[in-house]
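Laboratory data are not the source of any read-out in this text; all were calculated from the coordinates shown. Given the structure is predicted, the values throughout are model-derived calculations rather than measurements. Note: ideal-geometry Cβ built from the backbone for every residue, glycine included; neighbour counts use all protein chains shown.
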Amino acid sequence: CRGTGKNKTSHILLISVHGTPYWMAPEVINESGYGRKSDIWSIGCTVFEMATGKPPLASMDRLAAMFYIGAHRGLMPSLPDHFSGKAVDFVHVCLTRNQHERPSAVQLLQHPFMKGRQ
């Protein structure tokens, strides 16, 4: 059942989507076939939050962040300049919009950011 009004549509969308929008991959929001690589997106958001104290797009309300991520238009924020290039790149590759281009967990373990931690 789809609502025709904006409020009803937004309400249905919020009920049908499970999870926290700030960490949701575009394919999860768009319900376009998601899997393990969707979790890689969430890892990138988690590392971002661990580094900065807030998830990406925290300045937006939840619904706005969800639409922003799902729209495939906006760039996700990167870590501030005072973080290492390895950390910045790690988050960047995790937040690759196209899930087919996003690295797997095995590939991420080979990333220089992770290699420096072993």
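Aspartates and glutamates near K54 by alpha-carbon distance under 17 Å, same-chain residues fewer than 8 away left out - which ones? Output for K54: D81.
For K37, the aspartates and glutamates whose Cα comes closer than 16 Å to its Cα, not counting residues fewer than 8 places off in the same chain, are E27, E101. Annotation for R62 and Q107: the two label points, set 7 Å from Cα along the Cα-Cβ direction, are 3.2 nm apart. Here the 3J(HN,Hα) profile of the range 77-90, calculated from phi with Karplus coefficients 6.51, -1.76 and 1.60 at θ = phi - 60°, is x, 9, 5, x, 4, 6, 8, 5, x, 5, 5, 4, 5, 4 Hz, Gly and Pro shown as x.
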